[in-house]
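Since every read-out is calculated from the coordinates, none of them should be taken as a lab result. Note that the coordinates shown come from a computational prediction; the quantities given were computed from them, not determined experimentally. Here the Cβ positions follow ideal geometry from the backbone for every residue, glycine too, while neighbour counts run over all protein chains shown.
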Amino acid sequence: MTAGTKSCPECGSKNVVSDSKHAELYCADCGIVIDENIVDMGPEWRAFDAEQASKRIRTGPGMSYRIHDKGLSTPSPSLPPGIKRVRWVNMDSNEKTLAFALVEIDRMACALKLPANIREATSVLYRRAAKDKLIKGRSIEELVSAMLYIVCRQYGVPRTLKEIAKISRSPLKKIRRAYIFLLRKIGIKLAPADPALFIPRFCSELGLSPVTRERAIEILSEDKGIEATRGWGPIGTAAAAIYIAAIVGGEYRTEREIAKIMGTTEITIRNRYKDLEKRLAIKVDAVPAYPPHQDKGDVFVMDTF
């Protein structure tokens with residue numbers, strides 16, 4: 001028997017008590033001692049609040065590549081009042097550069113509201129590039145921005161280069177150049193971005209209903225892979241699908257509204273949606289701008305030629 005016992009083997013009672021004072025496990029109903037000499041796996045110190053616990057605990061968080069020393073350094077103990085601590089700068093230039101790059105990754109990831117796994121993977125990618133000596137002589141901001149975009153593509157997180165450039169300290173042109181450089185030097189192969197990944201976020205920003213969102217994804221699923229073979233950008237294709245779905249669903253949005261939210265142009269949306277309309281045989285012009293309300297769950301049938 002162990003301290004994890006759930007019931008008494010004698011009477012079957014669930015009222016099992018762990019007595020840490022006598023290192024015993026006994027049944028409170030029949031009194032049988034189920035186990036003895038139990039080892040207490042907890043700390044030997046006591047804490048009555050969170051502040052005391054943080055001061056007395058001798059372990060920290062797990063290893064993380066987001067910290068320049070991976071979180072394995074030992075903090076210095078607190079000194080008595082009146083004694084000044086001497087800070088020794090024992091970091092070389094490479095470590096300082098790494099620390100700055102990791103801080104920049106965290107800053108940009110926070111601004112883009114990216115999860116922790118994206119930050120961790122970007123930190124690993126930066127360390128890999130530094131090991132291959134691809135960092136020297138290049139702007140850290142450009143490389144970090146490009147790496148963040150690469151990892152977002154790898155993990156299927158819908159972020160564009162323009163969005164990253166907005167919160168970066170480098171212009172879009174230099175970030176794109178760093179992106180191409182990293183793909184060539186590190187040998188990363190990325191699949192074309194799926195336009196459907198951008199649909200939920202931009203539909204939410206446009207205030208469109210879930211029915212319209214699913215309809216836009218349905219339009220893209222019928223046209224799967226065509227935009228990649230023709231070299232189309234995923235944002236323009238996603239914007240065209242949203243435009244068509246909004247018209248058909250009675251939640252009309254102008255090309256200017258969609259272009260402003262999605263960071264593309266009205267001409268791009270117009271060209272893409274006309275091509276989708278022709279290839280999928282959808283009569284967008286035949287659908288009124290504000291058709292009767294369609295309840296959730298109604299079957300959607302596209303008008304065809």
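What's the ranking of 112-121, 266-275, 17-26 by average number of surrounding C-beta atoms within 10 Å, highest first?
Highest mean packing first, the order is 266-275, 112-121, 17-26.
Going by average Cβ density within 10 Å per residue, which order do the peptides 132-141, 200-209 take, highest to lowest?
200-209, 132-141
Using the Cα gyration tensor of the stretch 121-237, with a ≥ b ≥ c the square roots of its eigenvalues, what is the shape: rounded (a/c below 1.5), prolate (a/b larger than b/c) or oblate (neither)?
The shape class here is prolate.
How would I261, I34, I57 line up from fewest to most surrounding beta-carbon atoms within 10 angstrom?
Ascending Cβ contact count within 10 Å gives the list I57, I261, I34.
What percent does the relative contact order of the stretch 195-279 come to when contacts are Cα pairs within less than 8 Å and at least six residues apart?
32 percent
Report, by chain and number, residues whose modeled amide H sits under 5 Å from the one on E24, excluding near sequence neighbours (fewer than 5 apart, same chain).
Long-range HN contacts for E24: D19, I38.
Could you tell me which of rounded, prolate or oblate describes the stretch 94-187, using a ≥ b ≥ c as the square roots of the eigenvalues of the alpha-carbon gyration tensor, with rounded for a/c under 1.5 and, failing that, prolate when a/b is larger than b/c and oblate otherwise?
Cα axes put the stretch 94-187 in the rounded bin.
Go through 149-155, 97-103 and give me the packing order, highest mean Cβ count within 10 Å leading.
Descending packing order for the listed peptides: 149-155, 97-103.
Against the globular-protein guess of 2.2 N^0.38 Å, express the Cα radius of gyration of the stretch 195-279 as a ratio, rounded to two decimals.
For the stretch 195-279, the normalised Cα radius of gyration is 0.94.
For every other residue with a beta carbon closer than 12 angstrom to the beta carbon of D49, add +1 if it is Lys or Arg and -1 if Asp or Glu, then tell me the sum.
Its environment carries a net charge of +2.
Under 28 Å between alpha carbons, and skipping anything fewer than 8 positions from K162 in its own chain: which lysines qualify?
Within the straight-line cut-off, K162 pairs with K113, K133, K136, K173, K174, K185, K189, K224, K260, K274.
Quickly work out the E10-to-S54 label distance, labels modelled 7 Å from Cα along the C-beta direction, and quote it in nm with one decimal.
According to this spin-label approximation, the distance is 4.7 nm.
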